[in-house]
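**Student:** My structure is below; once you've seen it, I'll send some questions.
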Amino acid sequence: MAQARAAVVGVGTTAYGRLPEYDAYDLGMWALTEALKDAGLGFADLDGIIVNRIPDYQRFCEIAGIDPSFVTITPGHGRFAAICIEMALQAVLSGRCRTVALVYGNNGRSAGAAYGGESDSYGSGGGAIWWPYGMTSPGAFHAMMMRSHMAQYGTKPEHLAELAMTFRDHAGLNPQAVMRKPFTLDDYMNARMIAEPLRLLDYCLINDGGVALIVTTAEHARDCARPPVHIRGAALQTVFANSMFPPEDYWHGAVASVTGRSFREAGLGRDDMQALMIYDNFTPTVMFSLEGAGYCGRGESGPFVAEGHLRLGRRYPTNTSGGHLSESYMQGWALNVEAVRQLRGDCGDRQVSDAANVHYIAAAPVCSSIVYSRDPS
């Protein structure tokens, strides 16, 4: 079995919610300061910086007072959480960098960000053909996919409700979560319809917040303050051809590919996972991810979810922080932090017992899979 050569040694998060006194730079710096403190490192220990959603990398480094040997900035799409982690892996595994900070800052709620309308078309912008018909947002795109899934496999609104209720119940155990009050099936069914069949409670939460992770070599990780969490396997797969149309396979092929590649790299499989972190910009994305990653059969995610497998104390506790639906929409970043915290045993009332391996999955035009482990091999 291969030995992991890179690890996460520090994580940091800000408060989440409406934080108008902070801009994206402030939020990123807050999170990075917490991550460095967590790792027992200082700003001078960083020789790589990857910033996401923060307006300018030069200004951020100036504020931090650092001159890294490697720096880059990436677009704000949620798929970039895994892309940035992949870049950090490549930097440390190649020997180009020793310690890379990944920093995300988002003041979207205070800035009045909204996903939808002609100025915020989904994906490549090629979807302009859909605009006259109201198809101007990721929500509409995923609603169309879910309607197709329902027609093809008999998936029901109650299955989506179970997902949303599960993650809200998990958030109730997370003091950092923005939405902690549980809700019932009736509450879900009576919630405002946004893009049929998706209701208000199927949508992620736009909030302000910051997240940071520190990635370094396995050797250097041994000298840091906290036990390292090893990145045992990681894979990406783009699905850009014809991406202006909802994919007929719900990204199944790409999710299966990245899951298989990351598991082979890790020397692990589904039976070895104690928890899942699944990108949940909308409830259907979780269903598609479960099927693509092979945790249930194709078209069987509805009944699988209804059986309660994603709840704490069951086989695959998922999004134990509350995820994007209830903790906060930090575009994948906070889910990766939750994976690290679970493997360290830092999650208090929501802790998964004997957590040794956690699988992060994102189904999107860039599908991703990351296997985090407590042990290097």
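**Student:** Over the stretch 220-377, what lengths in whole Å, largest first, do the semi-axes of the equivalent ellipsoid take, defined as the square roots of 5 times the eigenvalues of the alpha-carbon gyration tensor? Please list the in-between numbers first.
**Tutor:** On the way: eigenvalues 121, 63, 43 Å².
After scaling each eigenvalue by five and taking roots: 25, 18, 15 Å.
**Student:** Please give the net charge around Ile73, taking every other residue with its beta carbon less than 12 angstrom from that of Ile73, where Lys and Arg add +1 and Asp and Glu add -1. If you can, show how the numbers build up before the last one.
**Tutor:** Working: positive: Arg53, Arg59; negative: Asp56.
With Lys, Arg at +1 and Asp, Glu at -1, the net is +1.
**Student:** If you build the Cα gyration tensor of the stretch 267-332 and take the root of 5 times each eigenvalue, what three semi-axes come out, in whole angstrom, biggest first? Don't jump to the answer; show the numbers that get you there.
**Tutor:** On the way: eigenvalues 65, 39, 29 Å².
The equivalent ellipsoid of the stretch 267-332 has semi-axes of 18, 14, 12 Å.
**Student:** Counting residues in the chain as N, plug N into 2.2 N^0.38 Å and put the Cα Rg over that result.
**Tutor:** Working: Rg = 19.4 Å, N = 377, 2.2 N^0.38 = 21.0 Å.
Rg over 2.2 N^0.38 Å, computed on Cα atoms: 0.92.
**Student:** Using a 1.4 angstrom probe, figure out how much accessible area the chain has per residue, in square angstrom, rounded to the nearest whole.
**Tutor:** Numbers: 14560 Å² over 377 residues.
On a per-residue basis, 39 Å².
**Student:** Here's a follow-up. Per the 1.4 Å probe, what fraction of the accessible area of the stretch 246-318, in percent, lies on carbon and sulfur atoms? Present the calculation step by step, with values, prior to reporting the outcome.
**Tutor:** Numbers: 1080 of 2420 Å².
Carbon-and-sulfur percentage of accessible area, whole number: 45.
**Student:** If packing is taken as the average count of other Cβ atoms within 10 Å, what order do 175-183, 197-205 fall into, highest mean first? Please list the in-between numbers first.
**Tutor:** Working: 175-183: 16.0, 197-205: 21.6.
In descending order of packing, they fall as 197-205, 175-183.
**Student:** Measuring from the lowest to the highest alpha carbon on each principal axis, how far does the stretch 1-94 reach, largest first, in angstroms?
**Tutor:** 48, 29, 24
**Student:** In a shell of Cβ-Cβ distance under 12 Å around Ala31, excluding Ala31 itself, what net charge do Lys and Arg (+1) and Asp and Glu (-1) give? Mind showing how you got there, number by number?
**Tutor:** Working: positive: Lys37, Arg53; negative: Asp26, Glu34, Asp38, Asp208.
Charge balance in the 12 Å sphere: -2.
**Student:** For Gly210, what charge total do you get from the other residues with a beta carbon under 11 Å from its beta carbon, if Lys and Arg give +1 and Asp and Glu give -1?
**Tutor:** Details: positive: Arg53; negative: Asp23, Asp26, Glu34, Asp208.
Local net charge: -3.
**Student:** For the peptides 25-36, 103-114, what is the packing order when you average, over each peptide's residues, the other Cβ atoms within 10 Å and list the highest mean first?
**Tutor:** Values: 25-36: 23.3, 103-114: 20.7.
Ranking the peptides 25-36, 103-114 by packing returns 25-36, 103-114.
**Student:** Sequence-distant or interchain residues sharing an amide H contact under 5 Å with Ile49, placed H: which?
**Tutor:** Those qualifying (amide H under 5 Å, at least 5 residues apart or on another chain) are Phe70, Val71, Thr72, Ala101.
**Student:** Roughly speaking, to the nearest percent, how much of the stretch 1-97's 1.4 Å accessible area is carbon and sulfur?
**Tutor:** On the way: 2050 of 4310 Å².
Its accessible area is 48 percent carbon and sulfur atoms.
The values are calculated or read from the model by the stated rules, or taken from the named source; none is laboratory data. Because the structure is predicted, anything quoted here is derived from the model rather than measured. Virtual Cβ from ideal backbone geometry, glycine too; neighbours counted across all protein chains shown. These area figures cover heavy atoms from the full protein model, side chains too; ligands, DNA and RNA do not enter into them. Shrake-Rupley method; radii C 1.70, N 1.55, O 1.52, S 1.80 Å.
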